[in-house]
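A short write-up of the structure that comes next.
Coordinate-derived values only; no laboratory data. Since we're looking at a predicted model, the values are computed, not measured. We place every Cβ from the backbone using ideal geometry, glycine too, and count neighbours over all the protein chains shown.
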Amino acid sequence: MFNLYRSPAASRRAFLKALGVGAALGATPFLPMGSALAAEPALDTEFFIFLHASGGWDVTLWADPRNEKRGIIDPATTDNTDTSHLHRWVDAPHDDDVKSFALVRPAGSNLVFGPGIGDLAEMYDRLCVINGLAMNTVSHPDGTAFSATGRHLSGGRVPGASIDTVLASELGPRQTFPLVSVQFPSSYTGDGLDRRAVPLRVGQIGSISKSLTRAGQYDTDADRDAVTALLSREATQVAATSSYTDVLQGMSVQYDGLRRMLGENLQDVFEANRLKKEHPELDYKARFAGGGAVNAAFAIEALKRNVVRCVSFAMGGFDTHAANYRFQAEVQQEFFEMIGAMVKQLDKTPHPTLVGKKLSDHTHILVVSDFCRTPQINMAGGRDHYPNNSALVISPRFRSNQAFGKSDPDQLLPARARKFIDGDRAIAPPDLIATFVSAFGISPRKYFRDGEVVPELLLHA
Amino acid sequence: MTSRALQIASLALLSIAGCGHPAVIAAAPTTPLVARATEPQDSSTKADLRLVPAEAYVRTYLQLFGGLDPVTAQTRARGGDGGALFDSWEDYLAALGFPDYRLDLPRATQTNGLMMAAFERLGTALCDRAVEHDLKGKTAVPVNERIIFAFDLPKGAAVDLAAFAPRFDVLHRTFLSYPASLAPTDRTRAFFDLYTATVARHAAKTAAKSRFTPAEDGWAVVCYGLVRHPEFHLY
C-alpha cells in the first residue's frame, strides 16, 4: 500500500515518487504526442537529405537579412562584399559611395531574404525558415554537434544521436544504405538505435565505390555470398553464447546488408564521374560548391534507386573571419542554388515505389550550420562566431513560405519565439530536431533529451 | 621551581608506568566464521565486444601478408596481372574506420555496412594472393615459408572432413589464435560444408572461369571466412 506516513525515509521516497509521477503527468502535453504520434509512421516511402553549412554562416546575408546600420549591426556592403558574382545583389543606399543590398522578396513571398539565397528565393513557397535559433555556443565542434544532435558536447564527446541517424534507424534499417554521411556530423550514440543505421561516414562519395569493387578472375559472387551467409550465422550463434549480444547481432545484420549491397551492383552510384555524367544539371565547376554538387548528385541518384534512406553532407567555406568574408555571400549563393537544383531534379524524378508521385513529394531536407557570424565587421574585414543561428527546412510536411522565430533588431541575438513549457524563450536546435522527427511519427523523447515540438512549423499540427 | 619539580616527577612516574609488564591476553582457538549465505562469483563479461582499432587491423593484415610494409603489401596485393584485387590503401582508409583529421572525421568505433564491404575486399586480396604464393608456385613452397596455408595438401584433389579438420585448425589458429575445437560453434563442420560447396561449384561444367583449381578455390573461400570472421574484428 502506498503510505506517505510510514517512516521519514519512506515518506521522502514516496514524496519523490509522487513528484515524479506528477511531473510525468504534467509533462504529458509537452511531450511530442498529439498529432505527430497519431500519424501513421511513414516507414519506407520517405527520404531525407541533411546539409551542414560548415563553419558558421552569416544569416544577415540570407535568412535574417540586415541591410542597414542599426545597434551593433554592420550590414554587408560593397566595401566588405564581392558582389560581382551575386545574382540577387541590388545596390541600396548605405553611406555615400558604399552601398548595401536591397532585400530580396519575390512576388507572393512572405519571406524576405538577403542576396546570399540566390535563385533558391524563387522557391519561397517551399521554404520554411527558422530564425533566432539560440545556440549558446560559439565553438565549431560544439555548434556542429548541437545543430545535428540537439545536445552540446560533453567533455568533447557527442552525447546523443544525430537526427539523421535517428531517422535512418527508425525508417531505414531495411534499406541497403540507411545513412550515407559525407563529412556531416552524424553520430550513433545512445540506446534504441538499430545497428544497421550506423552512419557510413566518408570524406567523399567516391571512396565508397572502391570498397564495393570486386575482382572476377578468382572467386565468384556466389562464393563471397556463401561466405557472408556463413559469417552472418556464425555471428548469431556466437552471440547466443555471449553475455552481450548487441555487437555480434549487429554484425550479423550488417553481413546480410552487405549481401544486398553487393547484389545490387551499386558501384556506379558512388562514382563521381558517373554521377556528374548522370546529373549535368548541377554545377560541378562552381568555385565553392563544386565538390558539394557531387554529393547532391549522389543524393538524387541514391534516392532515385531507393538504396538510401538518408544522405547527409556538409559544405565548407563559410568560416570567414578575415578578408575571405568578401566571398561569404557567393559561398551562400552557390550552396543554396545547389539545393535549388537538387530540389528541381527531385521534382522531375518519379518516386521509386509510389506510382504517380514525385520524389520531391517524399523528400525532406534540413539545412543547418554551426552558428551565425557576428553582426559587427571585425578589424580584419570579416565576421567572427555568434551564438545565433537560422535553419532551413524544405519538406512537404512543414509549413512553407513562412519564417518562424526572430532575432532582436539591434544585436542579432535570438529573441522570444513563443511560450514553451519552460517559459517564453527563443527556439533552439533541440526544438527543431524534435519537431522534425515528430513530423514522421517518431517520438523525440525516445532519442532526444531536450526539445519541444513546435506545431507552428508543421503543416498538419 | 616547585612546578618544575612537579613536571619532572610526573614525567618520571609516566615513564615507569610505560615500562611495566604488558598485559597478557590468553590465547583462544579461533572459531570459523559461519556462512550466512552463498553467492556464486560473477565472472561474466561486463562490457560488450569492441571493434579492433583500424591501425591494429592493418598491422595484423600486413603481418598475415608476410610481415610486409604497407607499400610492398599494396604492390603485392595489386599484382601485375590485372587481377583488380586491390586499389590503394588510401581508397580504404575511411571505410576501415580510420579518423581523418584533415576533414575532422572521427574514428569509427563500430562496424557498418561499408566497413564490412572493405573487410571483404581486403580479405579477398590477402587470401587470393596467399593461394597464389603458397599453393600455386611453380616450385612447391616449403611449409615453413608459406604465409597462410602452412600445411601440405594432396595435389589437386579436394579433401574429406578428416583431412580438412587439421588443416582448418592451422588456419583457425593463424587468424583467430585458438584451436578450432574450442570454437563456440561447430565451426569446423560449417567451414567444411562451405569448402565442399565451393569445390563443387567450381568443378561444375557451367562454372565461371577461375585462375584457381576447384580445390584452391575451396581453400581460398575458407580463408575469406576466417579473415572476415567476427572474432577477427572484435575483442
> Exposure proxy check: A:Cys310, A:Cys128 ranked by fewest other beta carbons within 10 Å?
Replying inline: A:Cys128, A:Cys310
>> Need the full-extension length gain, B:Arg189 to B:Arg211, defined as separation in residues times 0.36 nm minus the C-alpha distance. One decimal, nm.
In response: 5.3 nm
> Calculated FRET efficiency, A:Arg287 and B:Leu182, Cβ-Cβ r, R0 51 Å, to nearest 0.05?
Replying inline: 0.25
>> Rounded to the nearest angstrom and ordered from largest down, what semi-axes does the equivalent ellipsoid of the range A:259-349 get from its C-alpha gyration tensor (root of 5λ)?
In response: 28, 13, 11
>> Please enumerate, by chain and number, the lysines with C-alpha under 28 Å from the C-alpha of B:Lys209, excluding those fewer than 8 residues away in the same chain.
In response: A:Lys210, B:Lys136, B:Lys138, B:Lys155
> Most exposed first by the Cβ proxy, i.e. fewest other Cβ within 10 Å, how do A:His362, A:His140 rank?
Replying inline: A:His140, A:His362
>> Sort B:212-223, A:104-115 by packing, meaning the average of other beta carbons within 10 Å per residue, with the highest value first.
In response: B:212-223, A:104-115
> To the nearest 0.05, what FRET efficiency results for A:Lys357 and A:His87 with a Förster distance of 30 Å applied to their C-beta separation?
Replying inline: 0.40
>> Tell me the mean residue ellipticity at 222 nm calculated for the protein assembly as shown from its helices only (DSSP H runs of n ≥ 4, each -39500 (n - 2.57), averaged over every residue, nearest 500).
In response: -12000 deg cm²/dmol
> Hey, got the average number of other protein chain Cβ atoms within 10 angstrom for residues in A:198-205?
Replying inline: 6
> Ranking B:Tyr235, A:Tyr325 by Cβ neighbours within 10 Å, fewest first, what do you get?
Replying inline: B:Tyr235, A:Tyr325
> Which lysines have a Cα less than 29 Å from the Cα of A:Lys69, not counting those fewer than 8 places away in the same chain?
Replying inline: A:Lys99, A:Lys406
> Which whole number gives the average, over all residues in B:219-225, of C-beta atoms from other chains lying within 10 Å of the residue C-beta?
Replying inline: 4
>> Between A:Asp44 and A:Leu413, how high is the FRET efficiency from 1/(1 + (r/R0)^6) when r is the Cβ-Cβ distance and R₀ = 51 Å? Nearest 0.05.
In response: 0.75
> Hey, can you rank B:72-85, A:83-96 by average C-beta count inside 10 Å, highest first?
Replying inline: B:72-85, A:83-96
>> Can you give me the C-alpha center-to-center distance between the range B:76-112 and the range B:158-235, rounded to a whole angstrom?
In response: 25 Å
> Quick one: if you stick a label point 7 Å off each Cα along the C-beta vector at B:Thr60 and B:Ala162, how many nm between them?
Replying inline: 3.4 nm
>> I need the peptides A:55-63, B:41-49, B:147-155 ranked by packing, meaning the mean over residues of other C-beta atoms within 10 angstrom, with the highest value on top.
In response: A:55-63, B:147-155, B:41-49
>> What's the whole-number percent of alpha carbon pairs in chain A lying beyond 42 angstrom?
In response: 21 percent
> When you look at the Cβ of every residue in B:101-111, what mean number of other chain Cβ atoms sits within 10 Å?
Replying inline: 5
>> Just to confirm a number: summing +1 for Lys and Arg and -1 for Asp and Glu over residues other than A:Met135 whose beta-carbon lies under 10 angstrom from that of A:Met135, what do you get?
In response: -2
> Once the range B:85-212 is represented by equal point scatterers at the alpha-carbon sites, with solvent omitted, what log10 I(q)/I(0) does the Debye formula produce at q = 0.12, 0.13, 0.16, 0.17 Å⁻¹?
Replying inline: -0.64, -0.74, -1.02, -1.11
